[in-house]
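Asker: Supplied in structure tokens, the structure appears directly below.
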Amino acid sequence: MDQLIRRLKNESEYLGGGIIKADSIINHQLDPDLTEEMGAEFARLFKESGVSGITRILTAEVSGIAPALTTARSFGVPMVFARKKKPKTMKEELFTSSAPSRTKDENVTLHVSSKYLKSDDRIIIIDDFLATGHTIEALASIVSKSGAMLCGVGCVIEKVFEKGRNRLDSLGVPVITLARVDVSSEDKISIY
């Protein structure tokens with residue numbers, strides 16, 4: 001995705017400690033056209049990878065929602081997002097899993113209603129960043145607990161230096177990222 005990579009080169013900032021600030025692209029402000037392109041590109045790349053029969057797209061709130069929604073639109077399926085706080089309205093059975101959050105400096109428990117993930121679902125997980133892989137693992141655990149089949153993982157930005165992709169190898173599904181960021185030992189970033 002040339003436009004995404006160009007925007008990241010011009011607008012993102014490395015804050016140190018593994019934190020990439022991409023607020024003007026995905027984490028605070030959204031460009032609707034670019035976000036639509038991301039969803040279409042995820043759909044195209046997954047289809048090229050042989051992924052088919054998708055019935056739902058799953059993400060974690062908050063920053064994964066926009067690219068997950070446009071991906072769901074491209075597939076013509078619903079998008080479900082895992083809640084980070086269980087609201088009082090969630091009285092049905094829940095699938096839950098926890099993951100550490102670097103930006104929040106705490107463990108976050110993700111909750112998905114059993115009404116929205118069924119054992120016959122075929123799921124793609126979409127998120128904003130692939131860093132350590134912990135959030136994706138938590139979402140994959142939720143998919144497993146529901147009995148659904150995980151068919152792929154897509155992330156807008158991969159922090160290559162965090163090696164999260166290695167953690168996801170055991171999932172046995174295609175892992176697709178639209179842009180990659182690496183950091184040198186001198187704290188210089190490269191985006192490709």
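The values are calculated or read from the model by the stated rules, or taken from the named source; none is laboratory data. Treat the numbers as computed from the prediction; the structure is a model and nothing was measured. Please note: Cβ atoms are built from the backbone with ideal geometry, for glycine as well, and neighbour counts cover all protein chains shown.
Asker: So which residues in the stretch 162-192 are without any contact (Cβ under 8 Å) to a residue 60 or more places away in the chain and assigned to a helix (DSSP H, G or I)?
Answerer: Result: G164, R165, N166, R167, L168, D169, S170, L171.
Asker: Would you say T135 is in a helix (DSSP H, G or I), of a type in the set (S, T, Y), within 28 Å of D182 (Cβ to Cβ) and under 16 Å from the mean Cα position of the chain (by Cα)?
Answerer: Yes; evaluated as a whole, the condition is true for this residue.
Asker: Only one of these is free of Cβ contacts under 8 Å to residues at least 24 places away in the same chain and either farther than 24 Å from N27 by Cα or more than 10 Å from the chain's Cα centre (by Cα) (or both): K84, K88. Name it.
Answerer: Only one candidate passes the filter, namely K88.
Asker: Is it the case that I142 is under 18 Å from F42 (Cα atoms), modelled with pLDDT of 95 or more and among the hydrophobic types (A, V, I, L, M, F, W, C)?
Answerer: Answer is no for this residue.
Asker: Checking the conditions here, which among V143, V156 is crowded, with 17+ Cβ neighbours inside 10 Å and touching a Pro at 6+ places or on another chain (Cβ under 7 Å)?
Answerer: V156
Asker: Across the stretch 162-184, what is the number of residues that are more than 20 Å from G18 (Cβ to Cβ) and either surrounded by fewer than 18 Cβ atoms within 10 Å (Cβ to Cβ) or among the polar types (S, T, N, Q) (or both)?
Answerer: 4
Asker: Would you kindly identify the strands (runs of 3 or more DSSP E) lying entirely within the stretch 1-106 that contain at least 2 residues that are within 24 Å of S119 (Cα to Cα)?
Answerer: 56-60, 79-82, 94-101
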